[in-house]
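The values are calculated or read from the model by the stated rules, or taken from the named source; none is laboratory data. Quick caveat, the model's predicted, so the values are computed rather than measured. Positions of Cβ are backbone-derived with ideal geometry, glycine not excepted, and every protein chain shown enters the neighbour counts.
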Amino acid sequence: MRLSVLTAANKWLQTPYHHRASRRGVGADCLGLICGIISDVYGLPAQALPRYTRDWNEVEGKEQFSEGLAKVFTAVPIEEAIAGDLFLFAMMRRPPAKHIAILECPTSKPGKPWRDGQIIDAREIGGVARRKLDRALKARTAFAYRFPDSWPKSL
């Protein structure tokens, strides 16, 4: 599964950023990127993204994104994440976590998680790109999830 996820993610590189979009080569935000990868990997038709604002859920502070992912993806300890897993980041100092990326190449050295790690994500500046998992992102990593072997028939 990991290889399929990484192959699909790499096909999305250089897609421009567009809020609430999920069209490879045309536009995607971080959720749209993941939805597109799900469609590519599992052969599912593209799904319309739900309506959400850039500041969704900041007032309530609930972990709705994480709770939604947990319905389909397997939660894994962050330090055990491997290439092809999802990372969910809390981009502010407080919850909720609302930015998602694919972990591309974590280190295999014990005790030094993600020392030379990279992610593939979608951001307003730069669109879908490969980025270094720097100290700031590591500190904001809130959750890690693994893709299922098959997509559930119903959610």
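Looking across the range 3-40, the residues that are of a type in the set (A, V, I, L, M), at pLDDT 95 or above and surrounded by fewer than 16 Cβ atoms within 10 Å (Cβ to Cβ) come down to Leu13, Val26.
Step by step: first the residues of the range 8-34, then only those that are among the β-branched types (Val, Ile, Thr) and farther than 24 Å from Ser66 by Cα, then the one that is nearest to the chain's Cα centre (by Cα). Which residue is that? Outline the logic, then answer.
Quick first cut of the range 8-34, residues among the β-branched types (Val, Ile, Thr) only: 15, 26, 34.
Now narrow it down to the ones that are farther than 24 Å from Ser66 by Cα: 15, 26.
On the way: Thr15: 15, Val26: 18 Å.
Once the filter is applied, the top-ranked residue is Thr15.
Figure legend. Inter-residue proximity from the range 57-86: first residues more than 19 Å from Leu103 (Cβ to Cβ), second residues assigned to a helix (DSSP H, G or I) and modelled with pLDDT under 90, beta-carbon distance below 7 Å, spacing 6+ or different chains. Indicated pairs: Asn57/Gln64. Here the strands (runs of 3 or more DSSP E) wholly within the range 41-155 that include at least 3 residues being of a type in the set (D, E, K, R) and either within 23 Å of Trp12 (Cβ to Cβ) or modelled with pLDDT of 80 or more (or both) are 127-132.
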